[in-house]
Amino acid sequence: RAKSAGGNRYEVADAEADARAITRHGLTTALPAALDRGEFFIEYQPLVHLGDGTVRGAEALVRWLHPQHGVLGPDRFIPLAERTGLIVPLGRWVLEQSVRQARAWQQRHGGTGPLRVNVNLSPCQLTHPGLVQDTVEILERAGLEPDALCLEVTESALIGADDDLLKPLRRLAEMGIDIALDDFGTGYSNLANLRRLPVRVLKLDRSFTQGMQQFPADPVDLKIVEGIVSLAHSLDLAVTVEGVETGAQAEQLRILGCDTAQGWYYARPGPPERLHELALVDATG
Ligand code: C2E
Ligand code: MG
Ligand code: MG
Ligand code: MG
């Protein structure tokens with residue numbers, strides 16, 4: 001009996017694994033046409049200055065409006081796009097849209113200062129030879145200053161990075177584009193290694209902010225964040241925190257000296273017009 005029940009469980013598990021594999025396969029083959037058909041769209045999540053509470057810009061987060069499956073988050077399809085190479089044209093599309101959007105915000109926004117945009121780069125884009133040239137052309141076509149753009153690269157993508165990989169990032173940084181180290185603290189990077197990277201911003205991973213959700217906050221998490229902030233500032237890096245979900249977290253992170261915050265407490269990712277509204281609220285008080 002037990003054996004046949006176990007057998008059934010395995011059958012169910014196998015069926016689920018098969019279904020997931022079929023979906024993955026279907027999504028993978030649908031990706032190129034999806035780009036042509038305009039099924040991708042971008043949501044923007046505000047980046048808020050912790051010192052004065054103003055909206056300084058937003059991170060671009062891509063979504064896929066799939067005709068059968070509805071809206072899919074990037075975790076569902078970015079890995080597939082990376083495996084097939086579609087990430088290069090998809091990433092270029094995201095960059096172009098986001099840069100044009102930032103220019104549009106700036107033209108409409110009379111408030112506290114220019115609005116900037118953060119765009120995620122996958123490791124495959126870093127090794128693609130067209131990256132620097134494409135980025136220059138996209139900025140020029142849109143008429144956006146390079147310092148209004150921040151490119152986010154994950155810590156794990158840069159672990160053990162050799163000079164060939166860092167060269168395009170250095171060129172982009174020299175042009176005035178900020179480079180941010182995304183999901184910082186989840187990899188195993190040697191902190192001394194930070195000096196070698198052309199990075200201006202550390203984006204502290206959500207796992208650190210999670211320990212600050214309860215009150216009082218986890219004392220070990222507080223110490224770790226405090227240490228990272230002081231290290232970052234001593235290297236002239238700004239610190240952005242992800243995943244801020246409560247006012248208590250925001251206050252704690254402000255006291256610890258973090259510069260910028262992002263999270264549901266301020267706003268979920270949303271359409272580009274919303275960012276303009278949020279920034280205008282700031283400008284008018
Ligand atoms: P990420 O760059 O670390 O982006 C932050 C993720 O945290 C986003 O998930 C965002 O929606 C989510 N988030 C923001 N605030 C909160 C919060 O307060 N609580 C919680 N629980 N989550 C929060 P999303 O949009 O699902 O994106 C996941 C990842 O997909 C991103 O992580 C990024 O690595 C990748 N991604 C998104 N867009 C692109 C893109 O255009 N190109 C590439 N290569 N990767 C992208
Ligand atoms: Mg990011
Ligand atoms: Mg991140
Ligand atoms: Mg993250």
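Taking the Cα centre of the stretch 79-173 as origin, work out the dipole magnitude from +1 charges on Lys and Arg Cβ and -1 charges on Asp and Glu Cβ, in debye rounded to 20.
Approximately 360 debye in magnitude.
When the expected Rg is taken as 2.2 N^0.38 Å, what fraction or multiple of it is the alpha-carbon Rg of the stretch 2-161?
1.31
How do the peptides 258-266, 115-123, 161-169, 80-88 rank, highest first, by the average count of neighbouring beta carbon atoms within 10 Å per residue?
Final packing ranking: 115-123, 258-266, 80-88, 161-169.
Can you give me the relative contact order of the stretch 107-239 as a percent, contacts being Cα pairs under 8 Å and 6 or more apart?
20 percent
Once the Cα gyration tensor of the stretch 144-285 is found, what semi-axes does its equivalent ellipsoid get, as square roots of 5 times the eigenvalues, in whole Å, sorted largest first?
26, 22, 12
Just need the Rg to Rh number for the stretch 214-285, please, alpha carbons only, Kirkwood Rh.
1.04
What area, in nm² and to one decimal, does the C-alpha convex hull of the stretch 138-195 cast on average over all directions?
Its average projected convex-hull area is 4.3 nm².
If each Cα of the stretch 1-92 is one equal point scatterer, what is log10 of I(q)/I(0) from the Debye formula at q = 0.21 Å⁻¹?
-0.99
Rounded to whole Å, give me the distance from the Cα center of the stretch 8-68 to that of the stretch 172-216.
Taking the Cα centre of the stretch 172-216 as reference, the centre of the stretch 8-68 is 23 Å away.
Only four residue types carry charge here, +1 at the Cβ of Lys and Arg and -1 at the Cβ of Asp and Glu. Report the dipole size of the chain about the Cα centre in Debye, rounded to the nearest 20.
Charge dipole, the chain, about its Cα centre: 460 debye, nearest 20.
Please name which of L31, Q210, Q45 has its Cα lying farthest along the dipole of the chain towards the positive end, using unit charges on Cβ (Lys, Arg +1; Asp, Glu -1) and the Cα centre as origin.
Most positive-ward Cα: L31.
Send over the Kirkwood Rh of the chain, from the inverse of the averaged 1/r over different Cα pairs, rounded to one decimal Å.
Result for the chain stands at 20.4 Å.
Every read-out reported here was derived from the displayed coordinates using simple, explicitly stated rules and does not represent laboratory data. None of the values given here were measured: they were computed from a predicted structure. Positions of Cβ are generated from backbone atoms using ideal geometry, with glycine treated the same way; all protein chains shown enter the neighbour counts.
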